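**Student:** Here it is, the structure in full.
The values are calculated or read from the model by the stated rules, or taken from the named source; none is laboratory data. For clarity, every value in this text was computed on a predicted model and none was experimentally measured. Neighbour counts run over all protein chains shown; Cβ positions are idealised from the backbone, glycine included.
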Ligand SMILES: [Zn+2]
């Protein structure tokens with residue numbers, strides 16, 4: 001279904017409600033809105049719906065979904081609309097920064113460190129570290145919500161709320177994943193999904209599950225294990241089940257989670273950093289803390305990218321067994 005065919009019944013319904021409201025409340029802003037809805041209906045009729053009135057290019061789909069009355073693309077907003085858009089971005093940035101966990105944590109016999117770099121003012125990567133109340137185990141997650149900008153960051157906020165509320169009822173990991181997936185499916189549009197690795201770290205051992213995200217890496221005594229196991233992203237099928245792996249780690253061994261902003265970082269000749277380069281780097285590096293390892297990976301990717309601006313959010317999370 002085209003955008004305009006999908007939006008027509010919605011606009012007609014809102015027009016009816018506006019008209020009813022305008023009859024009972026004397027508010028000039030309702031009449032103003034009504035004329036904006038009529039103008040949008042006219043654009044549907046003439047085939048101009050969804051096109052910027054200045055450059056005639058399509059308006060960003062995320063923005064049009066959020067505001068079916070939008071008339072201009074981001075490049076051609078007037079001063080008032082632009083400042084409203086910038087306020088939205090600032091607010092989303094604030095909300096997001098409050099949701100991120102402390103950069104470094106020590107829980108039980110684990111130390112963690114992550115680096116989160118959004119490509120724009122807000123990011124669609126998801127990073128979570130929540131210690132259990134008894135301080136004996138740690139829930140960790142690293143994910144990537146499909147899409148970009150404010151829409152992706154709000155979806156990431158939503159995912160965070162789902163996990164935080166489910167964690168309060170202490171579910172086993174397989175059930176936590178399947179419940180989170182079901183809630184995410186039921187509360188988002190079918191086009192929205194998120195890849196994610198999550199798990200629990202407790203005394204010397206890990207349980208871990210992967211919903212279509214980059215494979216987690218284990219760094220053990222001079223060798224790397226790639227934890228490759230299947231799983232579709234969250235939000236695709238309501239009844240999806242997620243298998244869980246159990247792993248024991250020795251002292252000094254680490255688990256590394258990362259988003260595709262690492263492997264897909266490109267240099268000036270459009271060569272991706274890639275997984276092989278990441279594995280080679282990890283084989284050669286011998287940092288003595290989670291923070292040093294996370295920072296070394298981020299620095300190596302930045303070195304590969306050179307002066308090229310980042311095209312995607314980049315997150316690295318290291319859990320190191322002390
Ligand atoms: Zn435009």
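**Student:** Looking at 231, 199 in this structure, which one is assigned to a loop (DSSP other than H, G, I, E, B) and touching a strand residue (DSSP E or B) at 6+ places or on another chain (Cβ under 9 Å)?
**Tutor:** Answer to the check: 231.
**Student:** Separate question: Quick one: residue 62 ticks every box in (1) crowded, with 17+ Cβ neighbours inside 10 Å; (2) away from the ligand (no atom under 14 Å from the Cβ) bar one, so which box is it?
**Tutor:** Against the list (1) crowded, with 17+ Cβ neighbours inside 10 Å; (2) away from the ligand (no atom under 14 Å from the Cβ), residue 62 comes up short only on (1).
**Student:** For residues that are in contact (Cβ under 8 Å) with a residue 40 or more places away in the chain and within 16 Å of the ligand (Cβ to nearest atom), scanning just region 32-56, find the one that is surrounded by the fewest Cβ atoms within 10 Å (Cβ to Cβ).
**Tutor:** So the residue we want is 50.
**Student:** Taking region 69-117, which residues are farther than 30 Å from residue 249 by Cβ, modelled with pLDDT of 90 or more and assigned to a loop (DSSP other than H, G, I, E, B)?
**Tutor:** Of everything in region 69-117, those that are farther than 30 Å from residue 249 by Cβ, modelled with pLDDT of 90 or more and assigned to a loop (DSSP other than H, G, I, E, B) turn out to be 69, 70, 71, 72, 73, 77.
**Student:** Quick one: which of 276, 228, 280 is modelled with pLDDT under 95 and either on the phi < 0 side of the Ramachandran plot or outside the structural domain of residue 124 (by TED's automatic domain parsing) (or both)?
**Tutor:** 228
**Student:** Is there any pair linking a residue in region 61-80 that is closer than 19 Å to residue 148 by Cα and assigned by TED's automatic domain parsing to the domain that holds residue 35 to one that is within 10 Å of the ligand (Cβ to nearest atom) and assigned to a helix (DSSP H, G or I), with Cβ under 8 Å and at least six apart or on different chains, and which?
**Tutor:** 63/74
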